[in-house]
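Taking it in order: structure first as structure tokens, then the write-up.
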Amino acid sequence: MSRSWIGIIVAVAVLVLAAALLARALGRYDLEEVGAALVRLPWRQLIAAALFTLASYALLTAVDFMAIRYAGRRLSYPKVALASFIALSIGHSLGFAALSSGAVRFRFYRRWGLSVGEIARVLVFCGLTVLLGYSTVGGVALAASADWLPKLTQVPHGALLPIAVLALSVPVLYFGAVWLARPVRLGRFHIAPPALALSLGQFLAGGLDVLLVSGVLHQALGGAEAIPYGTVLTVYVAAAVAGMLAHVPGGLGVVEAVMLAALPGPQTLAGLVAFRAIYYLIPLGLGGVALGAFELAIRSRARTPR
């Protein structure tokens, strides 16, 4: 099979997966009741959720751009943004982000001249940015909710504060490694810590992205009238981390279970469906189409005589 067809097949599979994920999210509930609740969602809040989504993906493309600089290469931002968006839209929904989004990044960046070692540096940089964001924001959120979150998650009282301290130790240790500037060996690769300016960019971008995604969920759930933003942020971070550890696609089912425990009812479920559609499924479909278009363009260019 021609290599150019592989990308097209992947793109089609992504679109099919988008429909399957939506069906799975809705399959356990009364669709008529959920549909009625979806109709009642205010357009203003749905638009706000879409804007938060756009800001989140734009911010993460900037992280890829920083990662390319960290790897010592120069690519134009439009190229990086294309590769980053497609990789993120697929990785967010499929789970196993290191493999799914990493494979997409590898295909793009390898074609644009990056070596395997440079791509590894890009992937490590992006992964550490996510880790810094969730550990920092999550640590603060868990520490601030140690009195009420155990009632929703059945985590024993007294366990959240040690978890919060452990999470907050991640950025401390990371910046310690940056300060010492000692390279880390991964097999035959030596990966040096980024410069202080880039590491601060990671720290800010990772934390802001968690706040933006929580903003998408908060708006989809009805905004401040339904549930405070701090509650949504804390529950989302806890559920998202659990979903990532289990490699559940987009934390599917974990976030829903915890949020429905916090705020039961069809309106909450409708907000969760809207959140899935806005932040995961629509970008997944757009990313699949963009990937297919990219592969078709490559195939067409290969057929054109020089």
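Which pairs have Cβ atoms under 6 Å, sit 6 or more apart or on different chains, and link a residue in region 50-66 that is touching a residue at least 12 places away in the same chain (Cβ under 8 Å) to one that is β-branched (Val, Ile, Thr) and in a helix (DSSP H, G or I)?
From residues that are touching a residue at least 12 places away in the same chain (Cβ under 8 Å), the pairs are ALA50/ILE278; PHE52/VAL216; THR53/VAL216; THR53/ILE278; SER56/VAL213; VAL63/THR129; ASP64/VAL80; PHE65/VAL80.
Suppose we filter region 131-145 for residues that are more than 12 Å from ALA238 (Cβ to Cβ) and either of a type in the set (Val, Ile, Thr) or part of a loop (DSSP other than H, G, I, E, B) (or both); how many remain?
Selection size over region 131-145: 2.
Scan GLY176, GLY201, GLY222 and give me the residue that is modelled with pLDDT of 90 or more and either surrounded by 17 or more Cβ atoms within 10 Å (Cβ to Cβ) or out of contact with any strand residue (DSSP E or B) (no Cβ under 8 Å at 6 or more places or on another chain) (or both). I'd like the intermediate steps shown before the answer.
On the way: GLY176 fails: modelled with pLDDT of 90 or more; GLY222 fails: modelled with pLDDT of 90 or more.
It is GLY201.
Is it the case that some residue within region 76-91 is among the hydroxyl-bearing types (Ser, Thr, Tyr), crowded, with 23+ Cβ neighbours inside 10 Å and modelled with pLDDT of 70 or more? It would help to see each step written out before you state the result.
Let us first name the residues in region 76-91 that are among the hydroxyl-bearing types (Ser, Thr, Tyr), namely 76-77, 84, 89.
Filter again for crowded, with 23+ Cβ neighbours inside 10 Å, leaving 84, 89.
Imposing the further condition that a residue be modelled with pLDDT of 70 or more reduces the set to 84, 89.
Within region 76-91, one or more residues are among the hydroxyl-bearing types (Ser, Thr, Tyr), crowded, with 23+ Cβ neighbours inside 10 Å and modelled with pLDDT of 70 or more.
Within region 130-165, which residues are over 22 Å from LEU208 (Cβ atoms) and either modelled with pLDDT of 80 or more or touching a Pro at 6+ places or on another chain (Cβ under 7 Å) (or both)? Working first, answer last.
Taking region 130-165 and keeping what is over 22 Å from LEU208 (Cβ atoms), we get 146-163, 165.
Hits for region 130-165 are PRO150, PRO156, HIS157, LEU160, LEU161, PRO162, ILE163, VAL165.
In region 101-135, which residues are within 13 Å of the chain's Cα centre (by Cα) and surrounded by fewer than 18 Cβ atoms within 10 Å (Cβ to Cβ)?
Within region 101-135, GLY127, LEU131 meet the criteria.
Within region 112-151, can you find the residues that are without any contact (Cβ under 8 Å) to a residue 60 or more places away in the chain, under 30 Å from ILE298 (Cα atoms) and of a type in the set (Phe, Trp, Tyr)?
First, pick out the residues of region 112-151 that are without any contact (Cβ under 8 Å) to a residue 60 or more places away in the chain: 112-116, 118-119, 122-123, 127, 135, 139-140, 143, 146-148, 150-151.
Now narrow it down to the ones that are under 30 Å from ILE298 (Cα atoms): 112-116, 118-119, 122-123, 127.
Listed by number, the list holds a single entry, TRP112.
The values are calculated or read from the model by the stated rules, or taken from the named source; none is laboratory data. Please read these numbers as outputs of a predicted model, since none were measured by experiment. As a convention, Cβ positions derive from the backbone with ideal geometry for all residues, glycine included, and neighbour counts pool all protein chains shown.
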